[in-house]
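Undergrad: If you scroll down you'll find the structure; I have some questions about it.
All of the numbers you see were taken from the coordinates with simple rules; none came from a lab. On a predicted model such as this, the values are computed, not experimentally measured, just so you know. Don't worry about glycine lacking a Cβ; one is built from the backbone with ideal geometry, like all the others, and counts go over all protein chains shown.
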Amino acid sequence: MSGPWDSGRGTGRPGDDDGHDEARGTPRIPGPRSAADNLDAARLVPLPPQPAPEPVAPADLPAKPPAEPPVPQLPSHSVLKSLLGAWALSACSAEETAAVEAHLGECAPCAEEALRLRDAVGLLHTDRDLDLDPLLRFRVLENCLGRRPARIPVPAWASAYDAETARLDALLRDIGESEWHAPVRLKWFEGERAVSRRTTVAGVIGHLMTVDGLVAGALGLDDPLGANAPELPTERTEAFWDADLSHTAAVREPWREQSHTLVRTVSFAGRGVAELSVSYGDFALPLQDSLLDRAFECWIHAGDIADAVDYPYEPPSGSNLHRMIDLAARLLPAALADRRRAGLAGPAKHLVVPGTPGRSLHLEVEGSGGGNWYIALDSPAAVGSADEAVAQVALDGVEFCRLVAGHVSPEEAAAGQDGDREAIRDVLFAAASLSRL
């Protein structure tokens, strides 16, 4: 039997019998196809053949960027610092050496440490003589001072010379060029009379330099007069005065350089140098007394220059003046014995066992640098003693030094006298005889 939907069967439109169940008269709507059904359907329909891809020419391919080399990882600062010792010993590998040296160009502390280690390695060579040059210490210290001036610890026995040369140099720097030609009269005592010699300011400095040269020679330094210079101070001075240099201000620089060198040398030489003998031809002094004697003469002649150019000049400090007076007092017994042998002093009154007290003169020096000394009268080997004093002389400190320099006559020197007149006269003339050109 036909129904109202017969005309539309199989068309898929409304009225088509595909959408209804014939038995129940209800429409049949198929459910969605599963994924497996779709795959099966795809396998049933073959794909058309695909053409093979045409080969692409290499030139048509995009250029690939070149591969960058791997960046080397540099060792850390601490690692490179630990390699400095091996680098200094040339014990690093080529890579380590390159890394260390590249680091040294960027790190100043490591560069300084590397230089110190490399210098230290130079001392490890065993093919060198390990005995040091005796003057090496002096040369090293002198070179250091040339780079970085420093205060030198001057021995106490050389401090007077250091001070007096500095004071005289200050005076010389303060005078004019024409004043170097100012006349100066040098005075000293010979035998029983005072003598003098005329020169110039430049001549006085030349005299000081040539006599200081005896000290320089004893220390192994250059003599300003050369290797074949005379030994006696007077002959050395005369030889220098014959040169044209003694008439110009140019003498100041070599004199001052020599005085600096003497102070530096004795400061670096050590304790034993103080007893080194310095010969003056007919007598000798230990180096410590010789420099004190040179300080005394420097002060005296600075006063001569100051008088010539009308320049105020003060005496040495109390401590240095005391050392100068003490040196003269220690030299008096030998000077008295020399005058006695020459028939210029009274004979000894007693035979004295060396090292025991004998007749003495009490020398009382007043003022700055003063003190009390007991001068042995009968023998330089005797010991001055207050208990054996037979006379006493009182003088001002500066006046006593002027007597020793030959600038004051013995008759005018003593401010007070008491006791044995002959002993007093002999000691005062012996003090004046310590002076020389």
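Undergrad: Is any residue of the range 405-437 close enough, with backbone N under 17 Å, to a label point placed 7 angstrom from the Cα of GLU366 along the Cα-Cβ axis, and if so, which?
TA: 412-419
Undergrad: Could I ask something else about it? Taking Cα pairs under 8 Å and at least six residues apart, what relative contact order does the range 195-260 come out at, in percent?
TA: 44
Undergrad: If you don't mind, another one. Can you order the peptides 221-232, 204-215, 399-410 by their average number of other Cβ atoms within 10 Å per residue, highest first? Before the final figure, lay out each step's value.
TA: On the way: 221-232: 13.7, 204-215: 24.7, 399-410: 22.6.
Packing order, densest peptide first, comes out as 204-215, 399-410, 221-232.
Undergrad: While we're here: Stokes-Einstein at 37 °C, 0.692 mPa s, Kirkwood radius from Cα pairs: D for the range 171-240 in µm² s⁻¹? Write down the numbers at each step before the final one.
TA: Working: Rh = 13.6 Å.
For the chosen part, D equals 242 µm²/s.
Undergrad: Ordered by residue, what ³J(HN,Hα) values in Hz, to whole numbers, does the range 231-238 give under the Karplus form 6.51 cos²θ - 1.76 cosθ + 1.60, where θ = phi - 60° and Gly and Pro are x?
TA: 8, 7, x, 5, 5, 5, 5, 4
Undergrad: With labels modelled as points extended 7 Å from the Cα through the Cβ direction, what inter-label distance (nm, one decimal) is found for ALA250 paired with ARG185?
TA: 3.1
Undergrad: Using alpha carbons only, what's the Rg to Rh ratio of the range 153-314 with Rh from Kirkwood?
TA: On the way: Rg = 15.2 Å, Rh = 16.1 Å.
Rg divided by Rh gives 0.95.
Undergrad: How do 415-428, 173-186 rank on mean C-beta neighbours within 10 Å, highest first?
TA: On the way: 415-428: 17.2, 173-186: 13.9.
Ranked by mean Cβ neighbours within 10 Å, highest first: 415-428, 173-186.
Undergrad: Once both labels are modelled 7 Å past Cα along the beta-carbon direction, what's the ARG118-HIS77 spacing in nm?
TA: 2.2
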